[in-house]
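K.L.:
Quick one: the structure is below, questions incoming.
The values are calculated or read from the model by the stated rules, or taken from the named source; none is laboratory data. What you see is a predicted model, and the numbers here were worked out from it, not measured in a lab. Here the Cβ is made from the backbone with ideal geometry for all residues, glycine too, and neighbour counts use every protein chain on show.
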Amino acid sequence: MLNITNNRIDKWVDLEKYKSAKVFEDNKGYQSIKKTIWVLSFLLLLILFLPWTQNVSGAGSVTTLKPNQRPQTVQSAIAGRIEKWFVNEGDYVKKGDTILFISEIKEDYLDPNLVENTGRQVIAKESSVSSYASKVQALENQIGAIGDERSLKFKQAKNKLFQANLKVQSDSIDLEAVKTQLSISKTQFNRAINLNKEGLKPLTDVEEKRVKLQETEAKIITQQNKYISAQNEVLNAKMELNRILAEYSEKTAKAQSDKQTALSSQFDTEAQVNKLKNQYRNYQIRNGMYYIVAPQNGYVNRALQSGIGETIKEGTAIVSIMPASFDIAVETYISPVDFPLIHKGEKVRVWFDGWPSIVFSGWPGASFGTFGGVIVAKENFISENGKYRILIAPDNSDKKWPKELSIGAGTQTIALLENVPIWFEIWRTLNGFPPNFYNPTNGEQNNEKK
């Protein structure tokens, strides 16, 4: 028995009845065990008050800092048939080096002279545009000539109308003069008759006056006919004016209609020219797509397509290329409960699969084989694995990361938080509480001030 309490059990129970009690009572190492237990209990109590660094751990892989430095696939922009390979797996290629040559498989592009024929069509259509433009110009000149001719004809017709009006006035005056002469002739004829009856005038004089009266009556009829004819000429001149207006309005309208038709054909042909030019340029660009080239300097990791004569579709991945130069980084994933504790600019510790390391998560100073990193980005949208992605770059103030690292290698990360006693960490873990929320002093806040 250890006798470590005042409530001794031997006062309540007869220990002599039990064989095990007699064994401990007669054991000489009893005092040593008692001291050892006291020492261990004291050490355990001290350990509970030792500092422990809270941390957020994560697992991920090696990647690159910039998206254009990560492994990529080279795809075919058009459908075709594989004709010739120019590279092997593992080859180093420069930007613009030819990787693969494919041939055409679509019936719309099988003509070997497709580009040249389309170019000739463009030239022909451009000539049609020029012809329509010349026709439009000719019609504009014709419209101008029609307007000039109508102006001259209209002036000529107005002059005729004016002349007809003057002739009407002249004939009207002549008619009034003849009427006056008729009146005088009648008076003279009546006077001659009266004088003849009185014997003052001979009969021959009466006959002369009768003849003169008849001539005057004939003149008045003739003059009336001339007057009416002059009035008809005025009406004809007015009708001629209206006819000229109608005739040249019709000619102008027809020329305008022809002009609009020519303009419509010109615009339609110009649209066809632009469409043909677009097709011509597309065909030229498509001819350049038969040779698939490297987008940047790098190494051919793997040929995703193989063989000769195989057909591929648009957007088919052909080869995978790893860029020759890249800035290494680590992407790690943390639980949603730890996401508020991670800040941009905060320092973390990283160790890599296959690299010798001894890690004490609560005592980072006692760890070996870890490397310094700085959080440069964190996603605010949860990933498919139910965790948040964090991007870590090398810490330039710490030792350099190994050059032997390859993209895709596994990694483990620890983000160091506050220092707390071990008993507090045990209590927090047993209760399932998250690490203490805090704002770093040298993290994201300082970066924002800079």
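K.L.:
For the condition within 30 Å of TYR388 (Cα to Cα) and either assigned by TED's automatic domain parsing to the domain that holds THR311 or over 30 Å from the mean Cα position of the chain (by Cα) (or both), what is the one hit in ALA59, ALA138, ALA133, ALA79? Quick ask: steps written out before the conclusion?
P.N.:
Numbers: ALA138 fails: within 30 Å of TYR388 (Cα to Cα); ALA133 fails: within 30 Å of TYR388 (Cα to Cα); ALA79 fails: within 30 Å of TYR388 (Cα to Cα).
On inspection, the qualifying residue turns out to be ALA59.
K.L.:
If you don't mind, there's one more thing I want to ask. Kindly provide the set of residues from the stretch 149-187 that are over 13 Å from ILE220 (Cα atoms) and of a type in the set (Ser, Thr, Tyr), ordered by number.
P.N.:
SER151, SER170, THR187
K.L.:
Of these, GLY119, GLY96, which one is closer than 30 Å to PHE86 by Cβ and in the same structural domain as SER257 (by TED's automatic domain parsing)? Before the answer, list the steps.
P.N.:
Working: GLY96 fails: in the same structural domain as SER257 (by TED's automatic domain parsing).
Going through GLY119, GLY96 in turn, just one is closer than 30 Å to PHE86 by Cβ and in the same structural domain as SER257 (by TED's automatic domain parsing): GLY119.
K.L.:
Can you say whether LYS197 is within 30 Å of LYS259 (Cβ to Cβ) and among the basic types (Lys, Arg), as far as the supplied structure shows?
P.N.:
Values: within 30 Å of LYS259 (Cβ to Cβ): no; among the basic types (Lys, Arg): yes.
Against the criterion (within 30 Å of LYS259 (Cβ to Cβ) and among the basic types (Lys, Arg)), LYS197 does not qualify.
K.L.:
I would also like to ask the following. Of the conditions (1) in a strand (DSSP E or B); (2) out of contact with any Gly (no Cβ under 7 Å at 6 or more places or on another chain); (3) among the hydrophobic types (A, V, I, L, M, F, W, C), ILE82 satisfies every one except a single condition; which number is it?
P.N.:
The failed condition is (2).
K.L.:
Here's a follow-up. Which ones in the stretch 373-391 are under 12 Å from LEU65 (Cβ atoms), within 34 Å of the chain's Cα centre (by Cα) and touching a residue at least 40 places away in the same chain (Cβ under 8 Å)?
P.N.:
VAL376, LEU391
K.L.:
Right, something else. With respect to ASP171, determine if the residue is part of a helix (DSSP H, G or I), modelled with pLDDT under 85 and closer than 30 Å to ILE312 by Cα. Spell out how you get there, then give the answer.
P.N.:
Numbers: part of a helix (DSSP H, G or I): yes; modelled with pLDDT under 85: yes; closer than 30 Å to ILE312 by Cα: no.
Criteria not met by ASP171.
K.L.:
Would you confirm whether any residue within the stretch 153-160 is surrounded by 15 or more Cβ atoms within 10 Å (Cβ to Cβ), in contact (Cβ under 8 Å) with a residue 40 or more places away in the chain and of a type in the set (Phe, Trp, Tyr)?
P.N.:
Checking the stretch 153-160: at least one residue is surrounded by 15 or more Cβ atoms within 10 Å (Cβ to Cβ), in contact (Cβ under 8 Å) with a residue 40 or more places away in the chain and of a type in the set (Phe, Trp, Tyr).
K.L.:
Now, a different point. For the stretch 68-79, enumerate the residues that are surrounded by 18 or more Cβ atoms within 10 Å (Cβ to Cβ), part of a strand (DSSP E or B) and of a type in the set (S, T, N, Q). Talk me through it step by step, then tell me what you get.
P.N.:
In the first step, residues of the stretch 68-79 are kept if they are surrounded by 18 or more Cβ atoms within 10 Å (Cβ to Cβ); the result is 69, 72, 74, 76, 78.
From what is left, the residues that are part of a strand (DSSP E or B) are 72, 74.
If the condition is that a residue be surrounded by 18 or more Cβ atoms within 10 Å (Cβ to Cβ), part of a strand (DSSP E or B) and of a type in the set (S, T, N, Q), then GLN72 is the only one that fits.
Here is a yes/no grid of residues against (1) in a loop (DSSP other than H, G, I, E, B); (2) farther than 28 Å from TYR92 by Cα; (3) modelled with pLDDT under 85:
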residue: GLY315; (1), (2), (3): yes, no, no
residue: TRP355; (1), (2), (3): yes, no, yes
residue: GLY373; (1), (2), (3): no, yes, no
residue: VAL376; (1), (2), (3): no, yes, no
residue: SER383; (1), (2), (3): yes, yes, no
residue: GLU404; (1), (2), (3): yes, no, yes
residue: ILE407; (1), (2), (3): yes, no, yes
residue: ILE414; (1), (2), (3): no, yes, yes
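K.L.:
Additional query: Does THR216 fit the bill of being in a helix (DSSP H, G or I), out of contact with any Phe, Trp or Tyr (no Cβ under 7 Å at 6 or more places or on another chain) and either acidic (Asp, Glu) or at pLDDT below 85 (or both)? Full working, then the answer.
P.N.:
Values: in a helix (DSSP H, G or I): yes; out of contact with any Phe, Trp or Tyr (no Cβ under 7 Å at 6 or more places or on another chain): yes; either acidic (Asp, Glu) or at pLDDT below 85 (or both): yes.
Yes; evaluated as a whole, the condition is true for this residue.
K.L.:
Kindly indicate whether GLU217 is over 30 Å from ALA138 (Cα atoms), in the same structural domain as GLU140 (by TED's automatic domain parsing) and of a type in the set (D, E, K, R). Write out each step before concluding.
P.N.:
Working: over 30 Å from ALA138 (Cα atoms): yes; in the same structural domain as GLU140 (by TED's automatic domain parsing): yes; of a type in the set (D, E, K, R): yes.
Spelling it out, GLU217 is indeed over 30 Å from ALA138 (Cα atoms), in the same structural domain as GLU140 (by TED's automatic domain parsing) and of a type in the set (D, E, K, R).
K.L.:
Kindly provide the set of residues from the stretch 70-82 that are modelled with pLDDT of 90 or more and over 13 Å from ILE318 (Cα atoms), ordered by number.
P.N.:
Within the stretch 70-82, none qualify.
K.L.:
Follow-up. Do we have VAL178 as buried (at least 18 other Cβ atoms within 10 Å of the Cβ) and over 30 Å from ASN297 (Cα atoms) here?
P.N.:
Yes: the conditions hold for VAL178.
K.L.:
Yes or no: the stretch 244-253 includes at least one residue that is more than 30 Å from GLN137 (Cα to Cα) and in the same structural domain as ILE143 (by TED's automatic domain parsing). Working first, answer last.
P.N.:
In the first step, residues of the stretch 244-253 are kept if they are more than 30 Å from GLN137 (Cα to Cα); the result is none.
Within the stretch 244-253 (the criterion being more than 30 Å from GLN137 (Cα to Cα) and in the same structural domain as ILE143 (by TED's automatic domain parsing)), the answer is no, since none of the residues qualifies.
K.L.:
What residue, of PRO340, PRO336, PRO356, is over 36 Å from the mean Cα position of the chain (by Cα) and free of Cβ contacts under 8 Å to residues at least 40 places away in the same chain?
P.N.:
Numbers: PRO340 fails: free of Cβ contacts under 8 Å to residues at least 40 places away in the same chain; PRO336 fails: free of Cβ contacts under 8 Å to residues at least 40 places away in the same chain.
From the options PRO340, PRO336, PRO356, the qualifying one is PRO356.
K.L.:
So is SER265 surrounded by 16 or more Cβ atoms within 10 Å (Cβ to Cβ) and hydroxyl-bearing (Ser, Thr, Tyr) or not? Talk me through it step by step, then tell me what you get.
P.N.:
Numbers: surrounded by 16 or more Cβ atoms within 10 Å (Cβ to Cβ): yes; hydroxyl-bearing (Ser, Thr, Tyr): yes.
Taking the combined requirement at face value, the residue satisfies it.
K.L.:
Every residue in the stretch 277-300 that is without any contact (Cβ under 8 Å) to a residue 60 or more places away in the chain and not basic (Lys, Arg), please.
P.N.:
Within the stretch 277-300, the subset without any contact (Cβ under 8 Å) to a residue 60 or more places away in the chain is 278, 281-282, 285, 288.
Passing the criteria: ASN278, ASN282, ILE285, GLY288.
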